[in-house]
Amino acid sequence: MSEIVVLFDSNEAAQYRTNISGWVSRHGHLCCDERAARYDGCTHTLCEDCSQPIAKGRLVCTECWDKRQIKKYEAMPKAEWNEKGMLYSDAADKYFSDWDEIEEFIEEEGGTIEGLRLIICKPHYLPLLDSSDFGCDDLAEDGELPDAVIDAIAKFNEVIYSIGPVSWTPGNKAAHIRAMAEGKEPKQ
């Protein structure tokens with residue numbers, strides 16, 4: 001069975017038709033329905049929350065987005081920060097590794113600790129090798145790894161484990177501010 005070839009300038013590639021009716025956007029694009037034509041032709045839509053005009057492509061304005069983020073943050077469960085992991089500021093889009101960084105940021109940028117909306121981060125580690133699974137697709141049926149490979153995997157995993165976290169992402173708990181600031185009020 002041979003593949004059909006339709007060249008760019010062929011009458012099969014496109015045809016001019018005069019008997020078509022439908023919604024056309026201000027750009028002259030024929031659309032499948034009124035909503036699609038209006039969206040194609042508009043430059044702004046209305047914010048879902050406050051109904052103010054916003055640039056097309058966004059669902060909410062900046063002010064309403066900030067309100068949503070604050071509401072989301074306030075609904076998070078609170079936990080004490082162990083001062084060993086990272087914190088993420090939802091308000092400043094910045095990571096902090098210790099109390100001094102938080103103090104310095106507040107001194108330079110202004111604001112308050114509460115205004116930073118600090119979230120306790122989740123650590124991410126490099127993956128460990130599993131000697132019971134390693135090479136299983138390449139071994140003969142019921143084959144086993146040599147002891148030297150099992151020992152090497154164990155040593156490799158020790159090194160990976162000793163490195164600790166290699167990255168952090170915001171977790172699902174807000175940092176309990178009073179517990180953090182106890183005896184360590186930042187300069188304001």
Once the whole set of protein chains is in place, how much accessible area is left on Thr62, using a 1.4 Å probe, in Å² to the nearest 10? 80
Tell me, what is the per residue accessible area of the chain in Å², probe radius 1.4 Å? 77
If you roll a 1.4 Å probe over the chain with all protein chains in place, what percent of the accessible area is carbon or sulfur? 51
Work out which chymotrypsin sites (Phe, Trp or Tyr not before Pro) in the chain are exposed loop sites (DSSP not H, G, I, E or B, at most 12 other Cβ within 10 Å) and give the longest gap free of them. 17-124
Once Rh for segment 69-111 is found with the Kirkwood sum over Cα pairs, what is the Stokes-Einstein diffusion coefficient at 4 °C and 1.567 mPa s, in µm²/s? 112
Return the single residue from Ala174, Ala148, Ala55 with maximal mean-square fluctuation; model: Gaussian network over the chain, springs between Cα atoms under 10 Å. Ala148
How much solvent-accessible surface does Lys155 expose, in Å² to the nearest 10, with a 1.4 Å probe and all protein chains in place? 130
Relative contact order (%) - the chain, alpha-carbon pairs under 8 angstrom, separation at least six: 20
Average projected area of the Cα convex hull of segment 80-169, in nm²? 8.2
Which of Gly171, Gly111, Gly28 fluctuates most in a GNM of the chain (C-alpha springs under 10 Å)? That residue is Gly28
For segment 45-64 and segment 87-122, what is the separation of their C-alpha centers, rounded to whole Å? 28
Rg to Rh for segment 1-92: what is it, with Cα atoms only and Rh by Kirkwood? 1.32
Convex hull volume of the Cα atoms in the chain, per residue, in Å³? 314
Using Cα springs under 10 Å in a Gaussian network model of the chain, which residue among Pro170, Pro127, Pro77 shows the largest mean-square fluctuation? Pro127
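The values are calculated or read from the model by the stated rules, or taken from the named source; none is laboratory data. Computed from a prediction, not measured in an experiment: that's the story for all the values here. Neighbour counts are summed over all protein chains in view; Cβ atoms, including those assigned to glycine, are modelled from backbone coordinates with ideal geometry. Note: accessible area is taken over every heavy atom of the protein model, side chains too, but ligands, DNA and RNA are not part of it. Shrake-Rupley method; radii C 1.70, N 1.55, O 1.52, S 1.80 Å.
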